[in-house]
Amino acid sequence: MIELLIVIGIIGVLAAVVLVSLSGARSSARDTKRVSDIRQIISALQLYYSDNGGYPLPATPTTTGPDASSGDPDWSTYLPSWPNAPATQDGSCTALENPYTYTQVASGADFTLSFCLGKAVSSITAGPHTATSAGF
């Protein structure tokens with residue numbers, strides 16, 4: 001009976017170690033997905049700009065992506081659906097900073113794309129960031 005309790009205790013300790021290490025991997029995966037989503041959005045915006053001579057509307061911040069209903073060419077040709085940021089806020093990211101927020105600026109000559117990272121990914125530090133046509 002004592003041997004069984006010892007084995008159960010060892011399994012419990014090992015399970016706790018595995019769960020702790022997996023939470024760090026999940027956090028890194030969320031931030032890697034965020035950076036990948038932002039790069040995908042920037043690529044689609046650059047293609048749109050190349051074809052249409054400007055970035056899509058709206059000129060007010062939106063978390064649902066550009067608005068094709070305003071007379072602009074169909075945005076969904078360039079990005080079929082606006083990616084959603086992972087629901088979990090990591091690190092210093094707040095619920096307001098977590099979604100990807102797009103805004104057209106300078107009458108279509110540029111854009112801002114706001115996002116937040118819980119941890120650093122490559123050379124991009126943790127915290128809120130804004131991407132433009134010049135990059136991160």
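The values are calculated or read from the model by the stated rules, or taken from the named source; none is laboratory data. Small disclaimer: the values here were computed from a predicted structure and weren't measured. Cβ coordinates were reconstructed from backbone atoms using ideal geometry, including for glycine residues, and neighbour counts include every protein chain displayed.
I need every pair where a residue in the range 99-123 that is closer than 20 Å to V35 by Cα has its Cβ under 7 Å from the Cβ of a residue that is of a type in the set (D, E), sequence separation at least 6 or different chains.
Close Cβ pairs satisfying both conditions: Y100/D37; C116/E97; L117/D31; G118/D31; G118/D90; K119/D31; K119/D90; V121/D31.
Kindly list, by first and then second residue, each pair from a residue in the range 15-34 that is part of a helix (DSSP H, G or I) and at pLDDT 85 or above to a residue that is surrounded by 10 or more Cβ atoms within 10 Å (Cβ to Cβ) and of a type in the set (K, R), limited to pairs with Cβ atoms under 6 Å and residues at least 6 apart or on different chains.
D31/K119
Can you go through D37, D51 and tell me which one is among the charged types (D, E, K, R), in contact (Cβ under 8 Å) with a residue 12 or more places away in the chain, more than 13 Å from H129 (Cβ to Cβ) and in a helix (DSSP H, G or I)?
Values: D37 fails: more than 13 Å from H129 (Cβ to Cβ).
Within the list D37, D51, the selection yields D51.
Would you confirm whether any residue within the range 73-94 is part of a loop (DSSP other than H, G, I, E, B), over 30 Å from G24 (Cα atoms), modelled with pLDDT under 85 and out of contact with any strand residue (DSSP E or B) (no Cβ under 9 Å at 6 or more places or on another chain)?
Residues of the range 73-94 that are part of a loop (DSSP other than H, G, I, E, B), as a first pass: 73-74, 78-94.
Then keep just the ones that are over 30 Å from G24 (Cα atoms); that gives 73-74, 78-80.
Retained after the next criterion (residues that are modelled with pLDDT under 85): 73-74.
Filter once more, keeping what is out of contact with any strand residue (DSSP E or B) (no Cβ under 9 Å at 6 or more places or on another chain): 73-74.
Yes.
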